[in-house]
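For reference, the structure discussed in these notes is given below.
The values are calculated or read from the model by the stated rules, or taken from the named source; none is laboratory data. Quick caveat, the model's predicted, so the values are computed rather than measured. Quick reminder, even Gly has a Cβ in these numbers, built from the backbone with ideal geometry, and neighbours come from all protein chains shown.
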Amino acid sequence: MQWETVIGLEIHVQLATATKIFSGASTRFGGAANSQACAIDLAMPGTLPVLNAQAVDFALMFGLAIDADIPMMSVFERKNYFYPDLPKGYQTTQLDKPIVGAGRVTIATADGGTKEIRIHHAHLEEDAGKSLHEGDFGSQYSAIDLNRAGTPLIEIVTEPDLSNATEAVTFAKKLHALVTSLGICDGRMAEGSLRFDVNVSVRPLGSETLGTRTETKNLNSFKFMEEAIVREVARQIDVLEDGGSIIQQTRLYNGDTKVARSMRSKEEANDYRYFPCPDLLPVVITEARLQRLRDALPELPDARVARLIERYAIAAKDAQILASDVALANYFETVAKHCDDPRLAANWTTGELIGRLNGEGLELAESPIDAEQLGILIQRIGDQTISGKMAKQVFDGVWSGAGEVDQIIKERGLKQVSDSGALEQLVADVLAKNPAMIDDYLATEEGRRKKKLGGFMGQIMQASKGQANPQQVNQILLAQLQSLIQSRGD
């Protein structure tokens, strides 16, 4: 039997406010455990929550960016459940009247087309704390860090419009680019700023009836998301083809061990017993507030892609990568400003730079080579001061802290030889030392001679210690070989 996959996502986006959604406690990541949870976060007697206005604005900015329906009033409820990292015994969230209604996000598909992913809604809520499980078997214990409790979130819920792991990851990356471009989230997935819950089901190909779904929670890596979906789809198909049935459940996936396991049976909304929050008034949104936010929206990823392609004539693939991160796009534009070849600037930024950052686990802000220096390096390739091969040596030097581009070129004697007279003599000397190679070249059919040039080029570059301009050398070599052909023909 052939099967098709149906995927929907729930995304928790930690809003980049300085303080929590209902209190003045800090949201800074990395503080000592339980040092950033105040009495309001813990719902101590006599305390009342006060809604963070910036969190509301951030949620509305997201709604505007996805062209969503935005109701003029939203309401908070209490979602009741008991778990050690939920100090109140309930979570203040939104259910029936969320702050952002239906919207849409367009993604690129593998076949070169586009697909519209519908957003069901996005609602404001507070985050829970974090359970920490320590120790070895037989001496295990759990601890609670409540620093995250009360951190403002928007939870974005998609319709089940995604059909495979690739589409889900493409959407996740698009959403990451969107919220970071808006400035409403720092996008640091390793710190929990963006977490994905993946709802997966399978059904016979062509069926209109949705299969039973499972939810894999708290995926904070695009790679782990893809792995979790692929494994869950395979598991469900195996169960169904063996005559079994899928149990609706919540699952966990460990990306380090590649192990997925069941966590608990999946709850329904009524299992949580939602009640209106008596401490918070409805949130009333005015058209003036929406217009103020609409006017202040920054450049969004799709618009940035189009601008980079139009202004710099770079490849669409490079533009997509650069536009996915505001800081990366700004870095590239600074590189391009310091050289005459934007396409080469894009290639180096998306290739050598990102590859090196990823390889060493560094953020762009930690790059040892700044955008101006990379631009100068590319300019030295363009003006033929150095070759592309030399440029990688210079890049390594700047990266390791040996100095700036021009300093390294000078100190290491990497300046490319482009003097025509010197190169002509160099080529002539190599040809004079290799009469057998010349005879072999001349004896080869004209259409196959190109392959023979590598031997000459290798010796010429070796003789010049890699400093000869390879383009000029190639032209001079062809000219001198052609001269030899003509002289022997005469």
I'd like to check something: does segment 279-287 contain any residue that is hydroxyl-bearing (Ser, Thr, Tyr), at pLDDT 95 or above and exposed (fewer than 14 other Cβ atoms within 10 Å of the Cβ)? yes
Scan (1) charged (D, E, K, R); (2) in the same structural domain as Leu353 (by TED's automatic domain parsing); (3) at positive phi for the single condition Asp406 breaks and write down its number. (3)
Failed condition for Cys38, given (1) closer than 24 Å to Val284 by Cβ; (2) out of contact with any helix residue (DSSP H, G or I) (no Cβ under 9 Å at 6 or more places or on another chain); (3) not hydroxyl-bearing (Ser, Thr, Tyr), with all others met? (1)
Residues of segment 434-461 satisfying the condition of being touching a helix residue (DSSP H, G or I) at 6+ places or on another chain (Cβ under 9 Å) and closer than 29 Å to Thr385 by Cβ: Leu453, Gly455, Phe456, Met457, Gln459, Ile460, Met461
Residues located in segment 44-67, provided they are in contact with a helix residue (DSSP H, G or I) (Cβ under 8 Å, 6 or more places away or on another chain) and either within 16 Å of Arg104 (Cα to Cα) or among the β-branched types (Val, Ile, Thr) (or both): Leu60, Met61, Phe62, Leu64, Ala65, Ile66
Answer residue from segment 314-338, given it is polar (S, T, N, Q) and surrounded by fewer than 19 Cβ atoms within 10 Å (Cβ to Cβ) and is nearest to Glu363 (Cα to Cα) among those: Asn330
Does at least one position in segment 395-413 carry a residue that is basic (Lys, Arg), more than 30 Å from Glu333 (Cβ to Cβ) and in a helix (DSSP H, G or I)? no
Considering residues of segment 52-87 that are in a loop (DSSP other than H, G, I, E, B) and without any contact (Cβ under 8 Å) to a residue 60 or more places away in the chain only, the residue surrounded by the most Cβ atoms within 10 Å (Cβ to Cβ): Ala68
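For (1) surrounded by fewer than 22 Cβ atoms within 10 Å (Cβ to Cβ); (2) outside any strand (DSSP E or B), each residue gets a yes or a no:
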position: Leu124; (1), (2): no, no
position: Leu132; (1), (2): yes, no
position: Asp136; (1), (2): yes, yes
position: Ser139; (1), (2): yes, yes
position: Ala143; (1), (2): yes, no
position: Ala149; (1), (2): no, yes
position: Ile154; (1), (2): no, no
position: Val157; (1), (2): yes, no
position: Pro160; (1), (2): yes, yes
Matching option when the condition is acidic (Asp, Glu) and assigned to a strand (DSSP E or B), among Asp279, Asp197, Asp186, Asp238: Asp197
